[in-house]
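The values are calculated or read from the model by the stated rules, or taken from the named source; none is laboratory data. No experiment lies behind these values; they were computed from the predicted model shown. Using ideal geometry, Cβ is built from the backbone for each residue, glycine included, and neighbour counts are taken over all protein chains shown.
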Amino acid sequence: MIRKAILDDVNAIHALLALYGKKGELLARPLSKLYDHLRDFWVYEDPKQKKVVGCCALQFCWEDLAEIRSLAVDPDFTGRGIGTILTERSIQEAVYFKIKDLFTLTYRPTFFEQFGFSTIDKNVLPIKIWADCITCVSFPNCDEIALLKKL
């Protein structure tokens, strides 16, 4: 079941992001940032276990620019299309808000290419989007791949 995140989901989202953050596959987020940006998140809740097993956020950067970020699925639930469902819902939300340019920074570009994202040079993105990067272990030598989808 996919739904907007609620306060009770913060710890589960935090745990998912921390898991992939330790692997160096995405930027983990402190709890305070998750509370600040909770309304950005969609979660996938396993109906049998009644627990959050996936999350994805759509963060607005500017009037016509948004980012898909913090996409994570519990390793025990990968391969079931949960990441696809979360990404599609985030794209739908971006369309609803009339976003023109949707981007992501990722180590898995082929996943996003299936949704029509194309690789771009990170330098074309506005400086404003790099604020969270200061806390990244790879800063300032970002090795993520930037992709953009025109909506």
Consider Asn123 carefully, then state whether it is over 19 Å from Leu17 (Cα atoms), out of contact with any strand residue (DSSP E or B) (no Cβ under 7 Å at 6 or more places or on another chain), modelled with pLDDT under 95 and not in a helix (DSSP H, G or I).
no
Residue satisfying all of: in the range 10-31; at pLDDT 95 or above and touching a Phe, Trp or Tyr at 6+ places or on another chain (Cβ under 9 Å); farthest from Phe103 (Cα to Cα) among these
Val10
(1) modelled with pLDDT under 95; (2) under 13 Å from the mean Cα position of the chain (by Cα); (3) within 19 Å of Leu38 (Cβ to Cβ) all hold for Ser70 apart from (1)
If we keep only residues of the range 12-27 that are touching a residue at least 12 places away in the same chain (Cβ under 8 Å) and farther than 23 Å from Glu93 by Cβ, then the residue surrounded by the fewest Cβ atoms within 10 Å (Cβ to Cβ) is Gly24
Does the range 32-45 contain any residue that is modelled with pLDDT under 95, more than 21 Å from Pro126 (Cβ to Cβ) and in a helix (DSSP H, G or I)?
yes
When (1) surrounded by 10 or more Cβ atoms within 10 Å (Cβ to Cβ); (2) modelled with pLDDT of 60 or more; (3) in contact with a helix residue (DSSP H, G or I) (Cβ under 9 Å, 6 or more places away or on another chain) are applied to Gln114, the one that fails is (1)
List every residue pair whose Cβ atoms lie under 8 Å apart, where the two residues are 6 or more positions apart in sequence or sit on different chains, the first residue falls within the range 44-73 and is in contact (Cβ under 8 Å) with a residue 60 or more places away in the chain and among the β-branched types (Val, Ile, Thr), and the second residue, located anywhere, is buried (at least 23 other Cβ atoms within 10 Å of the Cβ) and assigned to a loop (DSSP other than H, G, I, E, B).
none
Can you name every residue in the range 11-30 that is under 13 Å from Ser70 (Cα atoms) and assigned to a helix (DSSP H, G or I)?
Ala12, Ile13, His14, Ala15, Leu16, Leu17, Ala18, Leu19, Tyr20, Gly21
Picking from Tyr96, Tyr35, which residue would you name as being surrounded by fewer than 16 Cβ atoms within 10 Å (Cβ to Cβ), without any contact (Cβ under 8 Å) to a residue 24 or more places away in the chain and more than 14 Å from the chain's Cα centre (by Cα)?
Tyr96
Working carefully through the options Ile129, Ile82, Ile91, Ile134, find the one that is modelled with pLDDT under 80, under 16 Å from the mean Cα position of the chain (by Cα) and within 28 Å of Ala15 (Cα to Cα).
Ile129
Return only the number of the condition from (1) under 18 Å from Leu86 (Cβ atoms); (2) not in a helix (DSSP H, G or I) that Lys48 does not satisfy.
(1)
